[in-house]
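Worksheet for the structure shown next.
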Amino acid sequence: MSELLDVCAVEELPPGARRVVSWADGEIAIFNCAGELLAIEDRCTHDDGPLAEGDLDERNCTLECPRHGALFDLRTGKPRTLPAYVPVETFAVRVADGRIQVEVD
Ligand code: FES
């Protein structure tokens with residue numbers, strides 16, 4: 001059964017901003033990519049790099065891993081460049097009563 005994690009108020013995550021929340025299986029990074037809210041696991045599939053610290057490209061909604069530079073598509077979790085080749089987990093994001101929430105299993 002899925003569970004909802006409370007992230008923050010909508011106005012606390014403006015375009016270009018990011019947040020990290022903890023849950024049982026690790027950490028989730030939530031991004032506001034030019035108004036689109038997207039969430040991925042905060043752990044690179046290549047070598048566990050801290051993805052939330054990477055550079056966000058708001059035009060393409062991609063994120064560059066700060067460790068070795070793999071580029072991930074935030075919408076699908078799929079890597080677009082090596083050295084990563086396994087997708088990161090993505091999570092559904094929703095807004096309820098002015099709060100951003102992430103759906104986890
Ligand atoms: S840890 Fe992310 S590219 Fe190596």
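Each value in this text was obtained by applying a stated rule to the coordinates, not by laboratory testing. Quick caveat: nothing in here was measured; it's all calculated off a predicted structure. FYI the Cβ positions are ideal-geometry reconstructions off the backbone, even for glycines, and counts take in every protein chain you see.
Structure notes:
- Region 17-75 shape via C-alpha gyration tensor axes, a/c threshold 1.5: oblate
- Charge dipole of the chain (Cα centre as origin; +1 on each Lys and Arg Cβ, -1 on each Asp and Glu Cβ, all else neutral): 320 debye, rounded to the nearest 20.
- Summing charges over neighbours of GLY98, with a neighbour being any other residue whose Cβ is under 11 Å away from its Cβ, gives -2 when K and R count +1 and D and E count -1.
- Note that region 72-86 has calculated 3J(HN,Hα) couplings of 10, 7, 5, 6, 10, x, 7, x, 9, 9, 6, x, 7, 9, 9 Hz, one per residue in order, obtained from phi through the Karplus relation 6.51 cos²θ - 1.76 cosθ + 1.60 (θ = phi - 60°); glycine and proline are x.
- Distant-in-sequence amide contacts of GLU27, defined by a placed amide H-H separation under 5 Å and a gap of 5 or more residues or a different chain, comprise ASP42.
- Region 23-71 and region 1-21 have Cα centres separated by 14 Å.
- Computed with the Debye formula from one identical point scatterer per Cα of region 3-104, without solvent, the log10 of I(q)/I(0) at q = 0.11, 0.17, 0.25 Å⁻¹ comes to -0.28, -0.67, -1.38.
- Among ASP47, ASP25, ASP55, the residue with the largest mean-square fluctuation in a Gaussian network model of the chain, with springs joining Cα atoms closer than 10 Å, is ASP25.
- Taking other residues whose beta carbon is less than 9 angstrom from the beta carbon of CYS61, and scoring Lys, Arg as +1 and Asp, Glu as -1, yields -2.
- Ranking PRO14, LEU56, MET1 by how far each Cα lies toward the positive end of the dipole of the chain (charges on Cβ) leaves LEU56 at the top.
- Among ARG67, ARG18, ARG75: highest mean-square fluctuation, GNM of the chain, C-alpha pairs under 10 Å: ARG67
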